[in-house]
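Just below is one structure, and these are the notes that go with it.
The values are calculated or read from the model by the stated rules, or taken from the named source; none is laboratory data. Note that the coordinates shown come from a computational prediction; the quantities given were computed from them, not determined experimentally. All Cβ positions, glycine included, derive from the backbone under ideal geometry; neighbour counts span all protein chains shown. Side chains included, ligands, DNA and RNA excluded: accessible areas come from the protein's heavy atoms. Shrake-Rupley method; radii C 1.70, N 1.55, O 1.52, S 1.80 Å.
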Amino acid sequence: MRYAASLVFCLLLFVCESALAQAPAPTLRIRGDVVALDGLNLQVKSRSGESLAVKLADNYVVTAVVKVDMSAIKPGAFVGTATMPHSDGTLTSLEVLVFPESMRGSNEGHYPWDLKPGSMMTNATVADVAGAGQGARRMTLKYKDGEKTIVVPEDIPIVTFEPGDKAMLVPGAHILLTATRQADGSLTASRVAVGKNGLVPPM
């Protein structure tokens, strides 16, 4: 009996260790400004004032974030928009990212986002766009599990991605990246989005 109990305990320990080994590493979305770049060592000051060190991958990619016009939001476009929900069930955009065609389908769906407390993110295909008064637009977004109707105010930032250059990572550049926290607590990243011409990535 004692042997059987020990065997069960060992099996449970093995299962737990396997689950931990297979669990994805935690990630951290960092919005801030470049302080310095020394080789692959990126120093960032986050918007909250925290100083962070991020080790970039040998083959890291820089993507430029650039402004586009409201006309880029059209039926068939694949977009991502951070929104704030209201008590009546409506959603209002805080920003809109019009994805390049090569990124169609990226993180498709509707889920919580960390741009503001309570904000959501919807990555989906634009099914319809209509006027909503005062220069705003109302877009219907369809994704694999449903659809959302979202009001896009006239004055929110609308951006897209284009190929960037590592030379853009200069002190003061506004960036957005998703870092992976390693077992030793260090942060690593393989991609950095940089606002072009002083733009602050709004996502």
**OP:** Scan the stretch 95-113 for residues that are polar (S, T, N, Q) and open to solvent by 60 Å² or more (accessible area, probe 1.4 Å) and report the count.
**Re:** 2
Original post:
Regarding GLY80, is this residue at pLDDT 60 or above, under 22 Å from the mean Cα position of the chain (by Cα) and at positive phi?
Top reply: no
Original post:
Tally time: how many residues in the stretch 101-128 are more than 11 Å from PHE78 (Cβ to Cβ) and not in a strand (DSSP E or B)?
Top reply: 7
Original post:
What tally of residues in the stretch 114-130 results from selecting those that are open to solvent by 50 Å² or more (accessible area, probe 1.4 Å) and closer than 24 Å to ILE175 by Cβ?
Top reply: 3
Original post:
In the list ALA136, ALA173, ALA132, ALA124, which residue meets the criterion of being in contact with an Asp or Glu (Cβ under 9 Å, 6 or more places away or on another chain), more than 30 Å from VAL62 (Cβ to Cβ) and either without any contact (Cβ under 8 Å) to a residue 24 or more places away in the chain or not basic (Lys, Arg) (or both)?
Top reply: ALA136
Original post:
So which residues in the stretch 68-94 are open to solvent by less than 10 Å² (accessible area, probe 1.4 Å) and either under 19 Å from GLY133 (Cβ atoms) or hydroxyl-bearing (Ser, Thr, Tyr) (or both), if there are any at all?
Top reply: THR81, THR83, SER93
**OP:** Search the stretch 178-203 for residues that are touching a residue at least 40 places away in the same chain (Cβ under 8 Å) and of a type outside the set (D, E, K, R) and pair each with any residue that is open to solvent by less than 20 Å² (accessible area, probe 1.4 Å) and outside any strand (DSSP E or B) when their beta-carbon atoms are under 8 Å apart and the residues are at least 6 apart or on different chains.
**Re:** VAL192/LEU169; ALA193/PRO201; ALA193/MET203; VAL194/LEU169; VAL194/ALA173; VAL194/PRO201; GLY195/ALA173; GLY195/PRO201
Original post:
Can you spot a residue in the stretch 147-165 that is within 22 Å of VAL44 (Cβ to Cβ), within 15 Å of the chain's Cα centre (by Cα) and of a type outside the set (D, E, K, R)?
Top reply: yes
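Could you tell me whether any residue of the stretch 88-100 is outside any strand (DSSP E or B), in contact with a Gly (Cβ under 9 Å, 6 or more places away or on another chain) and farther than 18 Å from LYS144 by Cβ? Break it down stepwise before answering.
Looking only at the stretch 88-100, we keep the residues that are outside any strand (DSSP E or B), and these are 88-90, 99-100.
With the extra rule that they be in contact with a Gly (Cβ under 9 Å, 6 or more places away or on another chain), the set shrinks to 99.
Among the residues that remain, those that are also farther than 18 Å from LYS144 by Cβ are: none.
No, the stretch 88-100 contains no residue that is outside any strand (DSSP E or B), in contact with a Gly (Cβ under 9 Å, 6 or more places away or on another chain) and farther than 18 Å from LYS144 by Cβ.
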**OP:** Check the stretch 31-53 and report whether any residue there is in a strand (DSSP E or B), out of contact with any Gly (no Cβ under 9 Å at 6 or more places or on another chain), closer than 28 Å to THR149 by Cβ and open to solvent by less than 60 Å² (accessible area, probe 1.4 Å).
**Re:** yes
